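Chemist: Starting off with a structure, shown below.
The values are calculated or read from the model by the stated rules, or taken from the named source; none is laboratory data. Everything numeric in this text was worked out from a predicted model, so none of it was measured. Virtual Cβ from ideal backbone geometry, glycine too; neighbours counted across all protein chains shown.
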Amino acid sequence: MIRIILSVLLLSSVAQAREEKLTSFASDYCTFYPEGTYYRPGLWQHCCLQHDLYFWAGGEKNDRLNANYQLRDCVEKVTNAKHAKAVYAGVTAAQYSPIKDPDQKFNNAWRSRPDYQRLSTEDIDRIENHLRITEYPFLPDWMKIDLIDQLRKRQAP
């Protein structure tokens, strides 16, 4: 009887761990860097927002690198290589900082997970559901759709 009770408790704790509640998505856009030029404020703000969204969702180390490359390329597309290189240098250097803000670290949707972990199909479904039912007025629908599409492409063999 004790074995049965222990088995049930163990299984329920494993199920609870799998159903870890996702943290809310938040963004400060371009941390410690302007979000546009003097004459065009907010010019590349959407690039930083998208980068923050990818960081929130997480994944493997290569996914982090790709998010940084995507940010660099996005900024370069809307402005120039000088700003793109500066933004990229900033996010690259930040990963080596001894001071980490839990809301800005890679994989911050999953507080109890290691920094790098491949997202399962169930994880992506949970992210999609979270973004669908949680109100984020600052987050455009196209960006949510793009994130889920990119996450699903990672799952392809």
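Chemist: Go through (1) farther than 16 Å from H51 by Cα; (2) without any contact (Cβ under 8 Å) to a residue 24 or more places away in the chain and name the single condition P102 misses.
Modeler: Of (1) farther than 16 Å from H51 by Cα; (2) without any contact (Cβ under 8 Å) to a residue 24 or more places away in the chain, only one is false for P102: (1).
Chemist: Let me ask another. Kindly indicate which of L65, L49, L71 is touching a Ser or Thr at 6+ places or on another chain (Cβ under 6 Å) and part of a helix (DSSP H, G or I).
Modeler: On the way: L65 fails: touching a Ser or Thr at 6+ places or on another chain (Cβ under 6 Å); L71 fails: touching a Ser or Thr at 6+ places or on another chain (Cβ under 6 Å).
After applying the criteria, what remains is L49.
Chemist: Looking at K61 and the list (1) in contact (Cβ under 8 Å) with a residue 24 or more places away in the chain; (2) under 19 Å from M143 (Cα atoms), which single condition is not satisfied?
Modeler: With (1) in contact (Cβ under 8 Å) with a residue 24 or more places away in the chain; (2) under 19 Å from M143 (Cα atoms) applied to K61, the lone miss is (2).
Chemist: Separate question: For the stretch 129-157, give me each residue that is acidic (D, E) and more than 12 Å from L53 (Cα to Cα). Can you show your working first?
Modeler: Going residue by residue through the stretch 129-157, those that are acidic (D, E) are 135, 141, 146, 149.
Those that are acidic (D, E) and more than 12 Å from L53 (Cα to Cα): E135, D141, D149.
Chemist: Here's a follow-up. Quick one: count up the residues across the stretch 121-157 that are without any contact (Cβ under 8 Å) to a residue 24 or more places away in the chain and more than 28 Å from T92 (Cβ to Cβ).
Modeler: 9
Chemist: Taking the stretch 136-157 as the region of interest, how many residues are of a type outside the set (A, V, I, L, M), surrounded by 14 or more Cβ atoms within 10 Å (Cβ to Cβ) and assigned to a loop (DSSP other than H, G, I, E, B)?
Modeler: Restricting attention to the stretch 136-157, the residues satisfying the condition of being of a type outside the set (A, V, I, L, M) are 136-138, 140-142, 144, 146, 149-150, 152-155, 157.
Filter again for surrounded by 14 or more Cβ atoms within 10 Å (Cβ to Cβ), leaving 136, 144, 146, 150, 152, 154.
Now restrict to residues that are assigned to a loop (DSSP other than H, G, I, E, B): 136.
The qualifying residues number 1.
Chemist: Next question, about the same structure. Can you report the number of residues in the stretch 110-157 which are aliphatic (A, V, I, L, M) and modelled with pLDDT under 95? First the steps, then the outcome.
Modeler: To start, the set of residues in the stretch 110-157 that are aliphatic (A, V, I, L, M) comprises 119, 124, 127, 131, 133, 139, 143, 145, 147-148, 151, 156.
If we keep only those that are modelled with pLDDT under 95 too, we end up with 156.
Qualifying residue count, the stretch 110-157: 1.
Chemist: Separate question: Mind counting the residues in the stretch 21-59 that are buried (at least 16 other Cβ atoms within 10 Å of the Cβ) and acidic (D, E)?
Modeler: The qualifying residues number 2.
Chemist: Restricting to the stretch 103-116, give me the number of residues that are surrounded by fewer than 15 Cβ atoms within 10 Å (Cβ to Cβ) and closer than 22 Å to A156 by Cα.
Modeler: Qualifying residue count, the stretch 103-116: 1.
Chemist: Any chance you could count how many residues in the stretch 80-97 are surrounded by 13 or more Cβ atoms within 10 Å (Cβ to Cβ) and basic (K, R)?
Modeler: Residues in the stretch 80-97 being surrounded by 13 or more Cβ atoms within 10 Å (Cβ to Cβ) and basic (K, R): 1 in total.
Chemist: Return the residues of the stretch 79-135 that are under 20 Å from D146 (Cβ atoms), small (G, A, S) and in a helix (DSSP H, G or I); say none if nothing qualifies.
Modeler: Residue satisfying the conditions is A84 alone.
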